[in-house]
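The values are calculated or read from the model by the stated rules, or taken from the named source; none is laboratory data. If you're wondering where the values come from, they're calculated on a predicted model, not measured in any experiment. When we count neighbours, we look across all protein chains shown, and the Cβ atoms used for this are built from the backbone with ideal geometry, even at glycine.
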Amino acid sequence: MPKTPAVFLLLGLCLFGAADALYKQWIPDTNYENQTNWDKGSVPCGNDIVQFSAQRKVSVYVETVHSVQEMRLPVDGEFILPSGGGFTVSNGGDPGCGAGVTAQFKDAESLQWFDPALWQAAESLDDLKKGRFLFSVHEESVPCQYDNVLFRAGSSFRVDTTSNQPSVPVQSVSVLGKTFSSSSEFTHYLGSHSGRLQFHGTSSPSVGASGCSDASGCDCGNSANHNRICGTVTCAPMSCKKPLYPTGHCCEVCGAIVTIQYSSGFNIESYRNRLQHLFLGLPSYQSIQLGMSKVLKSQYFLGVIPRVAAAEIQIVLLDGESGAVAEALARDILKDVQAQGSNLGITGAEFQASSGATSGDGAGDNAGVVVGAVFGVLIVVAGLPLLAVLFRRGVIKMPTMPTISIPSLSSLRRSQEEIEDFTDHGFENPIFDKPTMMPEVPGIYGTEAANSISLTPSGVHFVNPAYDENETSIDFTA
Ligand SMILES: *[C@@H]1O[C@H](CO)[C@@H](O)[C@H](O)[C@H]1NC(C)=O
């Protein structure tokens, strides 16, 4: 864990120095002992001929001593031999091995950093060890900019870190038990022989990104690579009535999405733990996968006028089935928000379920009031011209207050425009407009724009997301 600035603790502004920084561990390895790395499905034995593709670069961790008949090595590669690891040559006389075959080491060349299936996430190193993994949307299954990345100690690997951006920022990277959190040290490692065998691609990871210092959570920062991430995902067909599409996910899901608006007292880690303890331990919610994160959403006023992206907390609930259990949990979470929301820094919550139900349907919510308020405003606005006409015709007289001059039709029009203008910009609709929900992270609006065009000292790089696969990039300065 990074050091917590003492002043923050004193001020009570944030409970943890790096709120919501997770540990993300790379799953595959290029270990000699891992039978999935061999085409024959098992580790070669003494009568086998071991073959590595000549043209492939690979780093191979060898934990114990293996006897082989013959070994064909690649042009560029390395064996990592801890004490106790090594090879002996048997001349085909391994009685437990049967007839020797040619055992081919599988190719790890195509394994991509931005493949969500190749990572597992946990809140702490301890959780990672104990297999207490967190579920998250696809974009956040891949390391976020404030996460700690682990390649298992005692394992070798090869990962393609090609990205839509010049670098892949994370807080730290651990390789073979050594943790790099200083940028210069890690850059030096990437240039080493091992580093070049382990990491390849057009972009490199960079460490030393500051952790997330906002207790309410931080934006993951992977939306720039959304197409790249989703290119590795195959979506299963969904059979529920109204599949949902969570922000940051590649596929539609059956389940429920709870959206939470928060204020300054909200702490995403404590709230995740609260839901864990209150609900996920219950037998009825055993099957639930819960993914919680801060997401940025473009908002619309009355569904028409686009607003800037606002941050909110998205909770994705999946039950692996129809979504009915997820919906029940969503309702329970909303009840908890109604009872305790003000103590938790939560100012509002809604849900959508794949059954078609939303928080607007049930009793005990205020959607009706909100809709009523919106219509009320519209009726007042629409009624003003009529009122003006009636004034003009003398049908309506102002109450006897001689100091008030009756406004002319044109000035009423103007004031009507003012009211409309006012509703566009200043009307506080609790559902659509949360001025306090603006992201508190400086420069957060910039991330979207930085996706496709980047300014670097060497020139302007333009990357068309539609041509991701081909890495098309036009360097205007050539
Ligand atoms: C072997 O590799 C597979 C796939 O890369 C991985 O899921 C598994 O955990 C590895 N086995 C061990 C014992 O590390």
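Go through the residues of segment 108-131 one by one and say whether even a single one is more than 25 Å from LEU317 (Cβ to Cβ), surrounded by 16 or more Cβ atoms within 10 Å (Cβ to Cβ), in contact (Cβ under 8 Å) with a residue 12 or more places away in the chain and acidic (Asp, Glu). Among the residues of segment 108-131, not one is more than 25 Å from LEU317 (Cβ to Cβ), surrounded by 16 or more Cβ atoms within 10 Å (Cβ to Cβ), in contact (Cβ under 8 Å) with a residue 12 or more places away in the chain and acidic (Asp, Glu), which makes the answer no. Looking across segment 152-188 at every residue that is charged (D, E, K, R) and under 24 Å from the mean Cα position of the chain (by Cα), the one that is nearest to the ligand (Cβ to nearest atom) is identified as ARG152.
Every listed requirement among (1) touching a Lys or Arg at 6+ places or on another chain (Cβ under 7 Å); (2) farther than 30 Å from SER354 by Cα is met by GLY217 save one, (2).
Remark: pairs (first residue in segment 175-186, under 8 Å from GLY208 (Cα atoms); second residue assigned to a loop (DSSP other than H, G, I, E, B) and aliphatic (A, V, I, L, M); Cβ separation under 9 Å; 6+ apart in sequence or on different chains) = SER181/VAL207; SER182/VAL207; SER183/VAL207; SER183/ALA209. For segment 201-245, a tally of residues being over 15 Å from the mean Cα position of the chain (by Cα), among the β-branched types (Val, Ile, Thr) and surrounded by fewer than 20 Cβ atoms within 10 Å (Cβ to Cβ) returns 3. Selection within segment 18-44: residues that are away from the ligand (no atom under 12 Å from the Cβ) and crowded, with 19+ Cβ neighbours inside 10 Å. The member of this set that is farthest from SER174 (Cα to Cα) is PRO44. Selection of segment 251-268 for residues being surrounded by fewer than 21 Cβ atoms within 10 Å (Cβ to Cβ) and under 17 Å from the mean Cα position of the chain (by Cα) yields CYS251, GLU252, THR259. When VAL149, VAL170, VAL142, VAL137 are screened for being closer than 26 Å to GLU63 by Cβ and at pLDDT 95 or above, only VAL149 passes.
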